[in-house]
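The values are calculated or read from the model by the stated rules, or taken from the named source; none is laboratory data. These figures come from a predicted structure and were not determined experimentally. Neighbour counts are summed over all protein chains in view; Cβ atoms, including those assigned to glycine, are modelled from backbone coordinates with ideal geometry. Accessible surface is based on the protein model in full, side chains and every heavy atom, while ligands, DNA and RNA are left aside. Shrake-Rupley method; radii C 1.70, N 1.55, O 1.52, S 1.80 Å.
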Amino acid sequence: MPVVLKQRPQSRLARTPVASAVLLALASPSLMAQETASLGEVLVTAQKREESLQNVPISIDALGQQKLEELNVQNFSDYVQFLPAVTMAPILGGGGGYTIVYMRGVVTGGDGQATTSQPSVGMYLDEQPITTIQGNLDVHLYDIARVEALAGPQGTLYGASSQAGTIRIITNKPDLSGFSAGYSLEGNLVDGDDSGYVAEGFVNMPIGDRAALRLVGWTLSKAGWIDNKPGSRTYAINRCIDGEVDAVTGACSIGLDTSDDYTSTNDEYVEKNYNTIDTYGARAALRVNLNDNWSITPSFQYQKTEQEGFWGDDLRDVMATGDHAVAHFRDEYSNDEWWQAGLTIEGKIGNFDVVYSGNYLDREQDGSFDYSDYSFYYDNYYTSGFFGTLFFDNDGNQLNPDAVFTSDDQYTKESHELRISTPQDRRVRRLLGFFYQKQYHDFYQEFGRIEGLADQMLMNSLEPGAQQFPGVVYLNSMERDDKDKAVFASLSFDMTDKLELTLGARYFEPEVTVKGFFGFGLGFSDDEVPGYGADNIPGTADDLVGEPGDPRNGGDGAYRDDAVDYWSRNGEWRCPSQADFKDAPCQNVIGKKISEDDWVGRVNLSYKATDTAMLYATWSEGYRPGGINRNPFLPDYVSDFLTNWELGWKSRWLDDRLQFNGAIFLEEWDDIQVSFQGLNGITQVANGPKSEIKGIETQLDWLATDRLRLGVSLAYYDSELKDPYCDDANNSGSCDPGETVNAPSGTSLPITPDFKGNLVSRYSFPLGAFDAHVQSAISYQTSRASQLNVADNDLYGDIPSTLLVDWAFGIENDKYAVELFVSNVTDEKDALFVLSECTPQKCGGQNYGVQNRPRTFGIRFKQEF
């Protein structure tokens, strides 16, 4: 993305927001008339110290406050559009707060579940890592100093989950120099139908000579554009006529009775534009200069997002026809509420600079999502009528088999970092740091809830006085603890006036512990339902067989190896006892733990060829900690490592009117962690083969005239597996002789496009008593695979290429600014991502495409004091 330049302080209104978009074609970002026709300096803190972007030997994109406002960047998906090195993929309903971020094509897909891999990209809000397993914090961006995207391994300075890169959101800090305040209002119309709004404001207040307080608040409502249309489904409820079952074969003696087929409708959930988002939040920061050397900055931020509906479009018109439409059968919503408290202490001890950062994050997510595709297609996949036959009430009446997935997840993250560094004007510069982090994830997820389900099918219902779980077919209720301790150091040495050598290393000790429950209740055995015989059909001849462990048959309900042929490998039959465990019927994952220790390094050599040009070469490593599969029969997975060889350049030309930066690189990814659905549809993670990624990233910022500014950012990646990959039962990820190859050697990694880029242009001109501007932005990305598994990808289909165009026109003076904008001018409808409720082989091609917001018209008003 083009770098932000510093303008003369004509008025604070010169930083007007603008439409969002990006890639190749035509458009134009310029800036207001300048007193000095040159690009300004951009300051970043990517290396834990403030320095000019042009002096940082890292491939980095920086979107400063002016550029964020010009492009109307408000959330995660907005700025990803303008960062070619970054891609994202949704999980669950596809709305905000449920997305996973990737950089430089380091992705296999399928992650984002509670016991899968940690993310490969670190997300930071100021000094605190805000990366969580099931999606990043979707922080609303207002009064933000800049967003920095550091491409490539950042493991030495940023540690775990910065394997492929790091994204840093830096807020504006309290300013002691004077009072300032401002607000911004926006109204918009989406798809010519539903309307939304944004209201934001800030105030900065000095308190005496040594302190200042900054307060920020926002509220917004995003209009919907997906229609939940009427639909119906018929389940085959196939029971034996008169209950007659052959005693030897278990087949129906007379035949199947299909008269009980069940048809469900979604009439009560039909709604137009039902995918809406409402968000509100606030931020407060206080800076106190204790003396000339020491300062403290406590901060607090809160945000709550309430979502309704689903963000996918029925790609194949299986249930709903037309653009932006689905036919879902259950209520869908999600809530994401979080707060963050932080404390930063900065000072000096002798000649040493000291920085301490302590932070605490608390996040709660709950939601409900339609799961009827799972019910319907599994009913057909596992012999017609299987699901419907199981779902009846205590009186034997057939229930609606349409299932729902609900979740109630709680996260906490505590981190502490202490850095000690020598003065930056010395020939030899040193940095030493200590880091500790603890993450706790308590998740309760009900898969396939069926209201009114018979007692005998429920979890723990056979134990007197036990917890009851009405309607729960399958449950994940676990606690996950992730701890990380690390020591890191960096040494920079000016070998000559032009040549600098930097060495860095990080020693780390990650630890992961998982305990809790997963699986079905007592009524869902692989071979037979307790008391209902091998055919799983009530009222038939073999009903008295039962399960040997059924408490009604004198068993204790506990799993025994000698009964493996009779009992389910998952769920309550796996618990050593039927004693309640927290919010689960019992415990069948008992304190699984993995601990590791290792180190990563970095070597960088930079050469200052001229006063405005630098060349650099880097070798660096990044890592992602290993983890635990919730299925106790599967082995753990270990850390995977990314090694990067990179050549880059930073340059200014034409009297600082043209800036051209870039990098070419080769990355080797060893022991890649791959998530996939294993036996019984349970997601598991395995270490797979080596992969390789080659690429080039470039950014160009050109002040073509005093009024016209152009910015271009491009990225090209070529990725491939170096060995074949197999989703094998032993979880090794490697291919044994005769085993089915899921992705042959040479297969490209999914989700990241080979090419992604953006072009932004801005032209400014006088218009009467106002300064006016016209801006356009174009973004483009090529098609790419949606799945690593080749057969799965054939069913899901590739993610198509997309071209997005945004446009804006605005005027401003010393008192206020007004802007008209159109985003997604061409009303691009191709999917940005592809989702499915269950595995593609079993879901009958029922896929959903998460699309960009349709063409949107809007107006913004801004005023600052």
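Annotations for the structure displayed:
- When the residues E308, E127 are ordered by accessible surface, computed with a 1.4 Å probe over the protein chains alone, the sequence from largest down reads E308, E127.
- Share of carbon and sulfur in the accessible heavy-atom surface of region 133-243 [1.4 Å probe, %]: 53
- Each residue of region 40-47 is assigned a 3J(HN,Hα), and the resulting list reads x, 8, 10, 9, 10, 10, 4, 9 Hz, derived from the Karplus form 6.51 cos²θ - 1.76 cosθ + 1.60 (θ = phi - 60°), x at Gly and Pro.
- Fraction of accessible area attributable to carbon and sulfur, region 70-129 (%, probe 1.4 Å): 49
- Burial order of peptide ranges 345-353, 767-775 (average beta-carbon count within 10 Å, highest first): 767-775, 345-353
- On a per residue basis, region 80-219 carries 23 Å² of accessible surface, using protein heavy atoms and a 1.4 Å probe.
- The gain in end-to-end length when the W653 to E306 segment is fully stretched comes to 120.1 nm, 0.36 nm per residue minus the alpha carbon separation.
- For region 171-225: rounded, prolate or oblate by the Cα gyration tensor [a/c cutoff 1.5]: prolate
- When each of the peptides 697-703, 408-414, 332-338 is scored by how many other beta carbons lie within 10 Å of its residues on average, the order from highest to lowest is 697-703, 332-338, 408-414.
- Vicinal HN-Hα couplings computed from phi for region 159-165 (Karplus, 6.51 cos²θ - 1.76 cosθ + 1.60; Hz; Gly/Pro x): x, 4, 6, 10, 4, 9, x
- Each residue of region 337-342 was assigned a 3J(HN,Hα) from its phi angle through the Karplus curve 6.51 cos²θ - 1.76 cosθ + 1.60 (θ = phi - 60°); the sequence is 10, 8, 9, 9, 10, x Hz, with glycine and proline shown as x.
- Cα-based shape type of region 265-327, given that a ≥ b ≥ c are square roots of the gyration tensor eigenvalues and the cut on a/c is 1.5: prolate
- Cα centroid separation, region 140-191 to region 401-442 (Å): 17
- Averaging Cα coordinates gives a centre for region 629-649 and one for region 70-136; these two points are 18 Å apart.
- Between R210 and W599, the modelled labels are 4.2 nm apart [label points 7 Å from Cα along Cα→Cβ].
- Rolling a 1.4 angstrom probe over the protein heavy atoms with all chains in place gives region 389-461 an accessible area of 39 Å² per residue.
- Beyond 28 Å in Cα-Cα separation lie the following of the pairs K304/K438; K48/K438; K348/K650; K413/K582; K722/K829; K173/K815: K348/K650; K722/K829.
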